[in-house]
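One structure is given here, and the rest of the page talks about it.
The values are calculated or read from the model by the stated rules, or taken from the named source; none is laboratory data. Owing to the predicted nature of the structure, the values given are computational and were not obtained by experimental measurement. Here the Cβ positions follow ideal geometry from the backbone for every residue, glycine too, while neighbour counts run over all protein chains shown. Side chains included, ligands, DNA and RNA excluded: accessible areas come from the protein's heavy atoms. Shrake-Rupley method; radii C 1.70, N 1.55, O 1.52, S 1.80 Å.
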Amino acid sequence: RRVHGGIDPSIFFFFMLSVRALILLNFVAFSLVGVPVWWYFTSVERSELPAEEIHNFADQWADMLRESSTTQFVDVVMIHDNDLLRQNMLPLLKTQFARGRGTGFLTLQYEVRVPHADEVRIFTAPSLEHEAINKAINKLQSQLTVNGPRRHTLYVASSKTVSSVLLNFGSRLAAWALVPTERVPDVRTFVRLLAEVQAVWLKEVKPVVKASPSYNVAFSLIVAEPKEWPGVSWEISGAVNRYIRPFLNQIQHAAQFSIESQILYFGSLGGDPKFDSARQVYVVRSDALEQFRGANDWNLESFSTVLGVKTVPPPTIHFMTYIPSGKNYPLYLQDKRDNGRLSVGFSMPGWGAVAVLNRNASLLQSHMLTQLDLEPTMQYFLGQLRHAFGLPAMNQDVNLGPYGTMSFSASRNGISEWERSALTRAYLQRMGSGAIEMLQSLLSMIEKLPQIKVDSLNRQKVEDSLQALQTAFEDITRRDFDSALNRVRISYELATDVFYSPDMVAQVYFPDDFKYAVYMPLFFPIALPLVMVLLKEVKRYFQKRQKATNIVRQNSALQSMLKRD
């Protein structure tokens, strides 16, 4: 059949009404079945996290930091049972210093006790040398049996051999003071004494390096002129074990350390050495050292690969030993801010330190740098490592003016017990607050981005992290700071793993808007014709129905007319 000179399309089977309806029905059925399937496979699992518990614990942690409710007892031992000494000390301990100023979870509470016979013998010996007193106190404290947390001890002795107060802090949790006999009645002397002791034992340690549960310590030997040092080697492993490892072992409860070493060639300090004829040395000014990292374009950072994914390692602390060339030997560094003082090392906060090792290769029989050769640089690096963790310089005497002198005795491990206690509390505070901030940031991110996946594994990690913090809170109240720090470190690692998990990061950078932008060019061209056909068929259906209704009406009207006729 032809319609208006053309072929009637209704004669084709696929234009038949039943066929068109069947085709459209298939597409609709496919959509009704496919959309739920697509929704099921693209839906995001969101396990419920203990948000309320996290916020409540954050408030408890903040309150504990403000109140410093944990009490550390200090035994004040008056060696000479002097009535004047006792009369002046007791009122101070009961009033002004009844409860020392708190910081970092800790306050000091002083108690007077009677000295033991061994303690009296230490301070009544003919010779009152600092080293002898410290050795005797260390030996005595190692023999004492203490139940529960260790107590600090302050020994106060009057002496006719001193003209001013001598205050010394040893390697243990003890300090001693020799007070001139004629100054015993002076109350201000004891006020100042207790104030200095309190300031040291409650000093807040502020590490320079970023708080982290682990660090990488990299030792590098830089040879300026390799031709002068063919086949150079160094006993870095033995030197590290001898000078650095004891210190790291003492603070391994705060962080884990990995050590690596390497030898680099053709290095430069970044400045042109100038010869100082007065001192007969070569000098590099400190302002030129600011170009050190730029002048040596080394890739000192290492990366690890886990399941094919490159991950950034823990923070790295760099320690570099620089051997100058023979034409610049000996080489020293001049700090213009310190009256031109010469030194053999400089540090860069947050990065590490460099030490110059002046060795003339032509005067040596071997190009092997022994542990003894490396001792000066290792001692310098140990001091810089202490500085990185916020500890003061070793063997540093402090002049207190007319009052007296305050000194610190070095420890074989590079850190005293009271310094270790202060560092423990500092890391406990920083990493505990960091773990809480990480958990709160995680909750905030999940609330703002509903498309982020929170599976059961990440939920369990969050619960374990919170549980570790709560257990650490209980340890702090018992003054078991080592155990608390270990649990806080675990909490920090778990919170970090969840926050930077691949599921979390992927959803942050590829939200639902991104997926819509990807799928719309694919589905929109298909969906638009289907919608148009559906509307057309619906319109055609109503038109056909209206046409049938009109025919029925016309037939009814015609029958009515015929009946009247």
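Numerical summary
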{"item": "Share of carbon and sulfur in the accessible heavy-atom surface of the stretch 148-294 [1.4 Å probe, %]", "result": "48 percent"}
{"item": "Dipole moment magnitude, nearest 20 debye, the stretch 342-440 about Cα centre, only Lys, Arg, Asp, Glu C-beta charged", "result": "100 debye"}
{"item": "Rounded to whole Hz, the Karplus (6.51, -1.76, 1.60) HN-Hα couplings of the stretch 519-532, x for glycine and proline", "result": "8, 4, x, 7, 8, 5, x, 7, 6, 5, x, 5, 5, 5"}
{"item": "Cβ-placed point charges (K, R +1; D, E -1), dipole of the stretch 432-491 about Cα centre in debye, nearest 20", "result": "120 debye"}
{"item": "Using a Förster distance of 35 Å, the FRET efficiency for S556-L530 (Cβ separation, nearest 0.05)", "result": "0.35"}
{"item": "Per-residue ³J(HN,Hα) for the stretch 121-129, Karplus 6.51 cos²θ - 1.76 cosθ + 1.60, θ = phi - 60°, Hz, x for Gly and Pro", "result": "5, 4, 9, 10, 5, x, 10, 10, 6"}
{"item": "Size of electric dipole in the stretch 206-279: Cβ of Lys, Arg +1 and of Asp, Glu -1, about Cα centre, debye, nearest 20", "result": "340 debye"}
{"item": "Nonlocal amide H pairs with I263, under 5 Å, H built at 1.01 Å", "result": "L221"}
{"item": "Interchain or long-range residues, amide H under 5 Å from S407's placed H", "result": "L167, N168, F169, V398"}
{"item": "Note, ³J(HN,Hα) from phi for the stretch 250-267, Karplus 6.51, -1.76, 1.60, rounded to Hz, x at Gly and Pro", "result": "6, 10, 5, 6, 8, 7, 8, 10, 10, 10, 9, 9, 7, 10, 10, 10, 6, x"}
{"item": "Amide H contacts of T316 (H built 1.01 Å from N, under 5 Å, at least 5 apart or other chain)", "result": "N216"}
{"item": "Positive-end extreme of charge dipole, the stretch 327-412 - chosen from T377, N399, A410 (charges on Cβ)", "result": "T377"}
